Amino acid sequence: IRHIYDKWKFGRSASYHMYSAKLWGITLFIGFVHLFLTGSVGLPIYSAVGMGILTDIEGLIASFILSSWHADVPSVFHALNIENENKK
């Protein structure tokens, strides 16, 4: 949904590079190491899936906030600051 919205609103995909995406990468790494070592799906994999969902939700919220395309927006708070600067 987020990528479809970004294409519709901005004409291209957003490239925010948010902190939450970096955290998602860490949880994915931990989850797959756990999976390979134990052979079972456990809390680390569920945490990675949950973090991925939260990351996409944060990206969608940033897309709602921003009126124009911006690259390298590290968080929703930065998106709010960008919009506040644009309104001044």
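Observations on the model:
- Failed condition for TRP24, given (1) assigned to a helix (DSSP H, G or I); (2) surrounded by fewer than 17 Cβ atoms within 10 Å (Cβ to Cβ): (2)
- Any chance GLY11 is out of contact with any His (no Cβ under 9 Å at 6 or more places or on another chain) and open to solvent by less than 30 Å² (accessible area, probe 1.4 Å): no
- Residue among SER67, SER40 that alone is open to solvent by 70 Å² or more (accessible area, probe 1.4 Å) and outside any helix (DSSP H, G or I): SER67
- Lone unmet requirement of (1) open to solvent by 50 Å² or more (accessible area, probe 1.4 Å); (2) at pLDDT 95 or above for GLU85: (2)
- Where a residue in segment 34-50 is free of Cβ contacts under 8 Å to residues at least 40 places away in the same chain and its partner, wherever it lies, is open to solvent by less than 70 Å² (accessible area, probe 1.4 Å) and of a type in the set (Ser, Thr, Tyr), with Cβ under 8 Å and at least six apart: PRO44/THR27; SER47/THR27; ALA48/THR27
The values are calculated or read from the model by the stated rules, or taken from the named source; none is laboratory data. Since we're looking at a predicted model, the values are computed, not measured. Reconstructed Cβ throughout: ideal geometry from the backbone, glycine too, with neighbour counts over all protein chains shown. For the accessible areas, the whole protein counts, side chains as well, though only heavy atoms, and no ligand, DNA or RNA atoms are used. Shrake-Rupley method; radii C 1.70, N 1.55, O 1.52, S 1.80 Å.
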